[in-house]
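Notes follow the structure.
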Amino acid sequence: MDVDGAEQALALLPAVLGLDEPQVAVRGDVVWVPRLVRAGGGALPVPAGDTWQLGVTGRGTLENLALLSVADDAEVSGGRALDAGEVRVAVARRASTSVTR
């Protein structure tokens, strides 16, 4: 159980403890539990051309994932063109810009 310490959250503790949930987060007067749902919409459309990359069209949600065209002369990390069957993966750790109190 993860409780934010707000008075509303503490007041919900007796009810939350009675839930049959292995994981619970309480934020204010809202109780959150994890749920998996089937992804919808099918595959992402592949752009025309041979070079594309997985990117985002906006922040905040995985709904913004998209396959984006990459110009032949675009600067690509790794420095060389990929051969058939190869992929390039870049991972970055970013600090949160939000402050939780």
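Any read-out appearing in this document is the output of simple, stated calculations on the displayed coordinates, not a laboratory observation. Quantities reported herein were computed from a predicted structural model and do not represent experimental measurements.
Give the Debye-formula value of log10 I(q)/I(0) at each listed q (0.14, 0.21, 0.24, 0.25 Å⁻¹), with one equal scatterer per alpha carbon of the chain, two decimals each. Log10 I(q)/I(0), no solvent term: -0.80, -1.18, -1.32, -1.35.
Along region 63-68 the Karplus relation, 6.51 cos²θ - 1.76 cosθ + 1.60 evaluated at θ = phi - 60°, assigns HN-Hα couplings of 4, 8, 5, 8, 8, 10 Hz to successive residues, with x for each Gly and Pro. Between Asp4 and Val26, Gly28, the built amide H atoms are under 5 Å apart, and every one of these is 5 or more places off in sequence or on another chain. Here the Karplus relation 6.51 cos²θ - 1.76 cosθ + 1.60, evaluated at θ = phi - 60°, turns the backbone of region 82-91 into coupling constants of 7, 7, 4, x, 9, 9, 10, 10, 10, 10 Hz, with x for every Gly and Pro. Taking amide H positions as modeled 1.01 Å from N, with prolines and chain starts lacking one, the residues under 5 Å from Trp52 and 5 or more places away or on another chain are Val70.
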